[in-house]
Structure formats: C-alpha cells, structure tokens
Amino acid sequence: MTTQKLAARRLLLLPGDGIGPEVMAEVKRLIEWMNQRGLGRFETEDALVGGCCYDAHGVAITDATMEKARAADAVIFGAVGGPKWDHVAYEARPEAGLLRLRKELGLFANIRPALCYPALAESSSLRRELVEGLDIVIVRELTGGIYFGEPKSITDLGNGQKRAIDTQVYDTYEIERIARVAFDLARTRRNKVTSSEKRNVMKTGVLWHEVVGDVHRREYPDVALEHQLAEACGMQLVRWPKQFDVIVCDNLFGDMLSDVAAMLTGSLGMLPSASLGEIDPRTKKRRALYEPVHGSAPDIAGKGRANPIAMMASFGMALRYSFAMAKEADLVDAAISSALAKGLRTAEMSAAIVAEMARLAAA
Ligand code: NAD
C-alpha cells in the first residue's frame, strides 16, 4: 500500500462552527497518523469559514481563503452556522461561505453515498434484510436546474392573487458532465447507473434522458444503464434499495432522493458527501470539497459528544476521489464499520478508528 515517493497533497481544512472544529480535530489525527505511517504525505492548512469568519472579518469566507481553496488539492469542510448568527445579513450568513465555495469552485457534482453499516441496520425504518449491507451512491447535479433557473419570481397579480415562478433549465453540457461522473463512478463499483427524471411531463426530463443515453452509447457502453421516472425511483428506493448502484439525477430530484436514500441507512447524521468540479485543464486536477451531511449541531457543541464518523468518512471520500487511494479509503470505511460494531458512538470513536486502521493495515 505504501509507495516509495508520495507526492505531497495540499488540503485546506475549514472546520467552521459548532462541532465542526471538534470533528475536524479527529480528521487531523487521522491525517497525522497516515503521514507518520507513510500512507500519505498530506500538507494541511486551516482557515475560517462561516460564523467564526463573520466574527473575525465580517464575511462568511474571505477572498484570501477562496484563493487557498482554488490552490488546494481538496477542501475538507466541517459545518457552519448556529443561533449566534441568526441575525446576520443574508449575504454574510454562515451558509454563504459554503455557497461561495460551491459556486466559485464550480462544484457541479454532489456525491452522496448511502451506506448501511451492519451495526446500524436496526435503526433504519426498513427491515434489516432490505438495508443490511446497502451501498448505493446518489450523484446529484448541484449547480443548475430549478434552484437557479430564471425567471424566478413572485408577482402580485393585483386581484388578490400572486404568481410564483421557478424555472428548470438544463443545457446539454451540464447533463453530459454529470452523466460522466456517474458512469466513471459506476465503473469503480458494480457498474450500473440508474438515470432518474420526469420525461413524461418535463422537457428537461426529455433532454436529460436523451443526453444520458447518448453519453452512454458513445463513451460507456460497458456500464449497465437504466432509466427510471423520479417518483418510481423514490418508490423503488424504499421497496428494494439494493437493486441500485449509482443513481444520477438533477438538482431537485437529487435533493429529495439523496435524503430518502440516506434515511434508509438509519444514520443520516453519520454520512459523508463530496462535491466535485471540472478537471482543471492546466493542473489536470479535479476541484473537490468534502463535508459531512450533518450541520454544526450547536446543541452538543463543546460537550465532547460529537460523533466524528461522517467527517472521517468524508476524508475517506477525499482519499478515494481526489487521490485515487482506494485501498486506504476502504481501510477508513472498514475501520469505521468495525468501531461501530463495538458499540462506540461518540468522540471515543476516532481513537478506535485509528487503532483499527493500524490493525487492518498490518494484517
Ligand atoms: P444538525 O445536523 O446540526 O443537527 C441535527 C441533530 O443531529 C442535532 O440534535 C445534533 O446534535 C445531531 N447531530 C448532528 N451531527 C452530529 C454529530 N456529528 N454527532 C452527534 N450528533 C449530531 O442540523 P440542525 O440542528 O438543523 O442545524 C444546526 C445548524 O447547522 C444550523 O445553523 C444549520 O443552518 C447548520 N447546518 C449547516 C450545514 C452545513 O454546514 N453544511 C448543514 C446543515 C445544517
């Protein structure tokens, strides 16, 4: 697993607010351990984002930090927000830092695995046999679609009525690039993609179906492709989730289906995510940000009760997607699963995960 000459990987760590710094501390411990063991050569730098950045600089993220994010090989993000900043102006609110990162780094592909750790199968709303061993990934288009399309307005019609408009817009290139992310991912897994849209009632669904099919025929004929209408996909997710491998969908359906899939695992608060951008033609590197699905949990911040699993698994995704370190990423996942099986749930988890990784690496 260890290579003689490891290239240095530059990580920008953005712990954020609430439990963000607590769970990030555990990732730092993991990074330190990997560096010491020769399993990686990571150089890290910390910066402020979210409410803490607002307190220091009056903005949720500074231009200097954006520059560091552009220069880094990957950004590892904790969580932002909390009641302390509820009064802050909309443009400077803690979440604005994350939105700016997504927008300016062009992070168009959101990857959300739904992995059911055996130790948590009983926590799912579905029967154990339906979810135990579940391992699926939702690839959600993140920068286009109905959340951003124009016109977007509420108009007073003057007769006691108002009219609200949201616009769903997709261009061919946006569908092509997200389809490629899904097909590439499937090739590293069980080689199957399910594309989900509403071509029966939406023009964007018609184009989505057509473009995904074209990309498949031209570039990925070796990957199995099926199309499912979005509502049928939602239904199948709760009926028989193990039929899926990679599901690719637009921003809106992806938002919903990824939460449904996450809930199946019984561990919404323990799941990681990745947001990927284009491959930079100059550096050949893909912009990427990794973060837990959960928020800053102000209710437990500072109490030593934050569970670091989602944050550590997010770093595991960075190993897999940014650094092609699949074996080491598998090690992180196996160590998490094993620590969970021992009944550990909170901060004691990270020491157990590092110890378990050492045991597995030596085996
Ligand atoms: P949350 O995920 O922070 O917390 C929901 C519940 O889950 C809380 O009871 C919390 O204690 C628990 N929880 C979450 N993560 C946990 C962990 N790692 N270990 C143990 N328990 C954990 O969601 P919320 O309460 O809706 O939001 C709190 C703040 O976080 C808000 O300001 C919200 O805007 C922000 N938020 C930020 C992000 C992000 O940074 N990407 C995402 C969601 C929410």
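The values are calculated or read from the model by the stated rules, or taken from the named source; none is laboratory data. Every value quoted in this text rests on a predicted model; they were computed, and no experiment measured them. Reconstructed Cβ throughout: ideal geometry from the backbone, glycine too, with neighbour counts over all protein chains shown. Each accessible area value is taken on the protein alone, full model and side chains, heavy atoms only, with ligands, DNA and RNA left out. Shrake-Rupley method; radii C 1.70, N 1.55, O 1.52, S 1.80 Å.
Overview of results
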item: The lone exception for Leu39 - which of (1) at pLDDT 95 or above; (2) open to solvent by less than 20 Å² (accessible area, probe 1.4 Å) it fails; result: (1)
item: Residue among Met24, Met66 that alone is under 22 Å from the mean Cα position of the chain (by Cα), at pLDDT 95 or above and surrounded by 20 or more Cβ atoms within 10 Å (Cβ to Cβ); result: Met24
item: Test: Glu45 is modelled with pLDDT of 95 or more, open to solvent by 10 Å² or more (accessible area, probe 1.4 Å) and away from the ligand (no atom under 16 Å from the Cβ); result: yes
item: Filter result (closer than 19 Å to Val23 by Cβ and open to solvent by less than 70 Å² (accessible area, probe 1.4 Å)) within region 48-60; result: Val49, Gly50, Gly51, Cys52, Cys53
item: Lone unmet requirement of (1) in a loop (DSSP other than H, G, I, E, B); (2) more than 16 Å from the ligand (Cβ to nearest atom); (3) aliphatic (A, V, I, L, M) for Leu107; result: (2)
item: Sole exception among (1) open to solvent by 30 Å² or more (accessible area, probe 1.4 Å); (2) more than 16 Å from the ligand (Cβ to nearest atom) for Asp250, by number; result: (1)
item: Qualifying residue in region 20-38 (condition: outside any helix (DSSP H, G or I), touching a residue at least 12 places away in the same chain (Cβ under 8 Å), hydrophobic (A, V, I, L, M, F, W, C) and at negative phi); result: no
item: Any hit, region 115-124, residues being open to solvent by less than 60 Å² (accessible area, probe 1.4 Å), without any contact (Cβ under 8 Å) to a residue 24 or more places away in the chain and in a strand (DSSP E or B); result: no
item: Lone qualifier among Arg41, Arg93 - being among the basic types (Lys, Arg) and under 30 Å from Leu360 (Cα atoms); result: Arg41
item: Scan of region 89-101 for residues that are crowded, with 17+ Cβ neighbours inside 10 Å, assigned to a helix (DSSP H, G or I) and not small (Gly, Ala, Ser), ordered by number; result: Leu98, Arg100, Leu101
item: For Leu289: the one exception among (1) open to solvent by 40 Å² or more (accessible area, probe 1.4 Å); (2) at pLDDT 80 or above; result: (1)
item: Residues located in region 292-337, provided they are open to solvent by 50 Å² or more (accessible area, probe 1.4 Å) and near the ligand (Cβ under 7 Å from one of its atoms); result: Pro298, Asp299, Arg305
item: Pick from region 161-196, criterion in a strand (DSSP E or B), of a type outside the set (A, V, I, L, M) and within 17 Å of Gly149 (Cα to Cα), ranking: least open to solvent (accessible area, probe 1.4 Å); result: Thr167
item: Failed item in (1) away from the ligand (no atom under 16 Å from the Cβ); (2) open to solvent by 30 Å² or more (accessible area, probe 1.4 Å), with Val223 passing the rest; result: (2)
item: Counted residues, region 69-88 - those being surrounded by fewer than 16 Cβ atoms within 10 Å (Cβ to Cβ) and either within 13 Å of the ligand (Cβ to nearest atom) or in a loop (DSSP other than H, G, I, E, B) (or both); result: 4
item: Filtered residues of region 233-279 (kept if among the β-branched types (Val, Ile, Thr), in contact (Cβ under 8 Å) with a residue 12 or more places away in the chain and closer than 23 Å to Arg320 by Cβ); result: Val246, Ile247, Val248, Thr265
